[in-house]
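Okay, structure first, notes after.
Taken together, the values in this text are just the output of simple stated rules run on the coordinates, not laboratory data. Since we're looking at a predicted model, the values are computed, not measured. Glycine also receives a Cβ, built like all others from the backbone with ideal geometry; neighbour counts cover every protein chain displayed.
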Amino acid sequence: MPLLLLLSAATFVVGIGAFAVIGVISPLSRDLGLTPVGASWVMSSYALAYAVGSPLLTSATGRFDRRTVLILGMALFGLGVLASALATNPTLLYAGRVVTALGAGLYSPTAAGVAIASVPIERRGQALSIVYAGLTLAQVAGVPAGGYLGYLLGWSQVFWIVAALAAAMTLALALRVPRAIDVAPARLSDLVSTLVNPRLAGAVLLTASVMCAGWIPYTFLAPIIEEKTGGGPEVVALLLVVYGFGSVAGNLLGGVLTDRVGPNRALLVATVLPVPMMAAVTLIPWHQVWLGGLLLFAWASVGWAISVPQQARLVALDPARTQVLLSLSAACIYIGASVGSLVAGFAKSMGGIPAIGIAAILAGLIGIAHLALTLSREQRQAATT
């Protein structure tokens, strides 16, 4: 348990570094003169670098001791955040975000693999939910706190704080993570063979499909709150906290459902229910703060339930390729985030918040169709074996 809590704490820092920009997107855009599309690239640059770099770096370091990989990943992450804090123009900021993503892409799937290796098979869902609770707790504390501090002190101060936290986590991992943790090594050949396997590739890409839909409204969540409520930084921070608590509830829900009803049924919940929630958040008026909080909590609760069942399902499909599958799944989170952020930027430019809502609904329906196809394929293959 102490190891899982440490991994969760470090994942919390990674989550803040990745997502704090959501809360400061308005002041950051004003300071650097970003258009809506340019603002979406603050997240998309991170997402694309993570999507490409994570599986490649994880495979390239597959033979390294897991402790070493965790330390290297967190150190690289911290350097990228520091570079972002020093950025004086969009290009430098995007470059810092790329380095940040490469570090996170090395750390996160390694942490998930270590978590799975440290518990019995029947507790894998619980172990993953503990580690990824750090990511969802970043939604509760990091994103709203980052948003509030970004308005109050300036967005660069948020990155300085995260850089300091990353340095502390690098030291903690070096001191507390044991050596020679037994995790199935990842090889570049495993990466290639997984990508050309239709069954595994289709299952992994589900992450991208579902995450794409969720990131369309999430990219501009702070501006959505501002427009819907007419409130300032305090209201934005409050509702981001509410959303964050919903994401924690969703992470726990995903772990409970995975252990009790299996990953496939849990995935149905996490794929289908967010669609009407996203429609409500973006398309109906909710000038009252309490109503907005209710909608955001409900959306986050079902939307963030996907991580645990999806990873548990992938591990069950091919345990020998655990590290590669987890790395590809994490990469697909950011493929979805990248595409969703770009779609959000274009949609906002063309039709404002309503256009964002329509785009999210259409993407959500694609995710549902993807899940139905992959589950149907697996059932047919199971029937013939």
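Structure summary
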item: Rough spin-label spacing in nm, given labels placed 7 Å along Cα→Cβ, for Arg380 and Ser349; result: 4.0
item: Mean projected area in nm² (Cα convex hull; one quarter of hull surface) for the chain; result: 16.7
item: Label-point separation in nm, Leu362 to Val196, each point 7 Å along Cα→Cβ; result: 3.5
item: Value of Rg/Rh across the stretch 1-84 [Cα atoms, Kirkwood radius]; result: 1.04
item: Among Arg199, Arg124, Arg66, residue whose mean-square fluctuation peaks in a GNM of the chain (springs only between Cα atoms under 10 Å); result: Arg199
item: Calculated diffusion of the stretch 48-165, Stokes-Einstein form, Kirkwood radius summed over Cα pairs, 25 °C and 0.890 mPa s, µm²/s; result: 160
item: For the stretch 239-383, radius of gyration divided by Kirkwood radius, i.e. Rg to Rh on alpha-carbons; result: 1.00
item: Using a Förster distance of 35 Å, the FRET efficiency for Ala141-Ala369 (Cβ separation, nearest 0.05); result: 0.50
